1. Looking only at residues that are open to solvent by 50 Å² or more (accessible area, probe 1.4 Å) and at pLDDT below 95 in the stretch 4-28, which one is nearest to the chain's Cα centre (by Cα)?
2. When the residues of the stretch 294-328 are filtered to those that are open to solvent by less than 30 Å² (accessible area, probe 1.4 Å) and outside any strand (DSSP E or B), which remaining residue is farthest from ALA253 (Cα to Cα)?
3. In the stretch 254-293, which residues are open to solvent by 50 Å² or more (accessible area, probe 1.4 Å) and assigned to a helix (DSSP H, G or I)?
4. Which one is farthest from GLY105 (Cα to Cα), of the residues in the stretch 172-184 that are in a helix (DSSP H, G or I) and open to solvent by less than 60 Å² (accessible area, probe 1.4 Å)?
5. Of these, THR155, THR52, THR147, which one is within 30 Å of ASP174 (Cβ to Cβ) and at pLDDT below 85?
6. Go through the stretch 58-88 and count every residue that is open to solvent by less than 40 Å² (accessible area, probe 1.4 Å), closer than 17 Å to PHE10 by Cβ and of a type in the set (Gly, Ala, Ser).
7. Mind counting the residues in the stretch 185-241 that are closer than 27 Å to GLY151 by Cβ, among the polar types (S, T, N, Q) and open to solvent by less than 50 Å² (accessible area, probe 1.4 Å)?
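The values are calculated or read from the model by the stated rules, or taken from the named source; none is laboratory data. Note that the structure is predicted; figures quoted are calculated from it, not measured. No Cβ is skipped: glycine too gets one built from the backbone with ideal geometry, and neighbour counts run over all protein chains shown. Surface areas here come from the heavy atoms of the whole protein model, side chains and all, with no ligands, DNA or RNA. Shrake-Rupley method; radii C 1.70, N 1.55, O 1.52, S 1.80 Å.
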Amino acid sequence: MSLNTFGHLFRITTWGESHGPAIGATVDGCPPGVTLEAAMLQQWLDRRKPGTSKFTTQRREADAVEILSGVYEGQTTGTPIQMMIRNTDQRSKDYGEIAEKFRPGHADITYHLKYGIRDPRGGGRSSARETASRVAAGGVAREVLKTLAPGLSITGYMVQMGPHAINRARFDWDQIDRNPFWTPDAAAADLWAQYLDDLRKSGSSVGAVVEVVVRGAPAGLGAPVYGKLDTDLAAAMMSINAVKGVEIGEGMAAAALTGEANADEIRMGPNGPEYSSNHAGGILGGISTGQDIVVRFAVKPTSSILTPRKTVTKSGENTEIVTKGRHDPCVGIRAVPVGEAMAACVILDHLLLHRAQVGDGPRGVIG
């Protein structure tokens, strides 16, 4: 299987399967001299790990990350950083039936058609368990960003669960870490709790929309044609398991706006250009403006549900299947830290590309 690596200068390669002995990531291109310890990465993995509430899968994994290389006496050396997360709570017997049957909505059938062989235990390489490796890599990226762009922050949160969206008039950054849904709307969190609990008990699932905001990013990141910042952000989010749609800024809603309404007008402020709005999501022509970078992605409902679904067997017979095991009723919850991690990797990658081409800061000066 090829194409397990993402990034240009800051490159991450993930490895391992859901029910193998371990999963992990290799990070290449990390600058030397950055303070890095496993505990710095663990805080992010703890936000993603399963079993943190009744609204996530009850698989119990410590998701304890081990740094095997690339760090000496608490500092990065500039060589590849190898990280490993051991799997400790696999129940491969839960997946015995799907060795011969294909689960609708899963990658089982496409893996079989492409490779002729697959690991059916928990979905193998296609499992969302792989995203723990991404979060570890994103933790490395965050530590480098602290050094290169100390005023930058990356925050993800859920803005919709099923048909229920947040009320942005109630948006409160401080609420995000105070509820199991990572949402800035406390009233929405209360509604979602009852809604998802009913779905969970019925054995069903639901989709969600996650938004990630990068605040404090410098202007000038990205390139105009094939290296657009929004292109790489979209690719990063689209590569996350179960993601079926990505938007930057106004996104699809921009199609309903007029040119006058959509254009972010510019005036000079005391510290340089200021924008009247941010329909562009902080990116124009593939290059960051210095405003908040806003990316949003839609996560489909978890395909592992208890309702019997029609399918076929490897031998071509029609049959039905009920997916057993432990699954997230709304995978969007644990997708929040994954989206943050991927944003961190992309932003750092483009910051390194920018420095390599033109040096620190934007070249152009206004005023």
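1. To start, the set of residues in the stretch 4-28 that are open to solvent by 50 Å² or more (accessible area, probe 1.4 Å) comprises 5-6, 8-9, 11, 15, 17, 21, 28.
With the extra rule that they be at pLDDT below 95, the set shrinks to 17, 21.
Working: GLU17: 18, PRO21: 23 Å.
Ranking the candidates gives GLU17 first.
2. Going through the qualifying residues, I end up with THR323.
3. ALA255, ALA256, GLY259, GLU260, ASN262, listed by residue number.
4. Selected residue: GLN175.
5. Residue meeting the stated conditions: THR52.
6. 2
7. From the stretch 185-241, those closer than 27 Å to GLY151 by Cβ are 185, 210-224, 227-237, 240; that's our starting set.
Now drop any that are not among the polar types (S, T, N, Q), which leaves 231.
Cutting the leftovers down to open to solvent by less than 50 Å² (accessible area, probe 1.4 Å) gives us none.
Total satisfying the criteria: 0.
Matching residues to (1) surrounded by fewer than 17 Cβ atoms within 10 Å (Cβ to Cβ); (2) in contact with a helix residue (DSSP H, G or I) (Cβ under 8 Å, 6 or more places away or on another chain); (3) of a type outside the set (A, V, I, L, M, F, W, C); (4) under 26 Å from LEU9 (Cβ atoms):
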position: ILE333; (1), (2), (3), (4): no, no, no, no
position: HIS350; (1), (2), (3), (4): no, yes, yes, yes
position: GLY359; (1), (2), (3), (4): yes, no, yes, yes
position: GLY367; (1), (2), (3), (4): yes, no, yes, no
